[in-house]
1. Return the distance in nm (one decimal) between the two label points of a simple spin-label model at residue A:7 and residue A:87, each offset 7 Å from Cα along Cα→Cβ.
2. Which residues does the label zone of residue B:108 cover in the stretch A:29-63, counting backbone N under 16 Å from a point 7 Å along Cα→Cβ?
3. Calculate, in whole percent, how much of the Cα-Cα pair population of the stretch A:31-147 lies beyond 23 Å.
4. I'd like the mean, over residues of A:64-71, of how many other protein chain beta carbons sit within 10 Å of each residue's own Cβ.
5. Full extension from residue A:71 to residue A:104: what is 0.36 nm times the residue separation minus their Cα-Cα distance, to one decimal in nm?
């Protein structure tokens, strides 16, 4: 069928139009989309690195980084979880070190979280981050005129 | 420690001001402030959720049924544990990330606002935005188009 469409496209000169059906996105897939933006919030990602930064659930933010160790050639990973409690943000790095963050690190996380929210609302959900209203890219079909 | 490496600065005076402000607050003041913020957050979250359009009116029954079945089946897989090894990356063909200039502008704007907050306010900000993201996912997940 795909071959037929391509052949028809070559004959008629019009590009193949792919219809994308409505698809149910899982929470995990939405997180992956969010992380595409989250990973870009802290500047350029070094070559050979993969960075994820995302909101896992209502109280947990995750920073995950993967890279190849240039000395050993082995894959290295680092996962940091920031758990939001009402009295502070608990940081758990690679499931070993636990401590409440403060000072500049807390400020940086707060900035990242807010920026993540604003960019993800616009980039993934196409909504205004303040009002929650859908961002319309097309002009309205009719314009009300005052007579 | 990635966030510690992020190039942001705060003057010593600002740090001292912020610390002295937080030290001056009694525990009772903190608790009262926290309660007030929680109430305001819940009210705001409820208002945001109630504003959203109901997309189901634009779908056929079959599409709705298919989306719900698909979502519930895969949600079970997700609930078993978040898998960071993506063997089935989703199609990002039509997904665009914001350009660098937009991110930098937003970053500076937000950074200036957050620097003025105390520690408790920053914490509440993080909790608030986490709750919103989960809420938005719950609304969007079954009927999104990609």
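None of the figures in this text is laboratory data; all of them are computed from the coordinates on show. The model shown is predicted, which means the values in this text are computed figures rather than measured ones. Because the Cβ atoms are built from the backbone with ideal geometry, glycine has one as well, and the counts that use them run over all protein chains shown.
1. Between residue A:7 and residue A:87, the simple spin-label model gives 7.3 nm.
2. Residues passing the 16 Å test: A:43.
3. 44 percent
4. Across A:64-71, the average partner-chain Cβ count within 10 Å equals 1.
5. Here the segment from residue A:71 to residue A:104 would lengthen by 8.7 nm.
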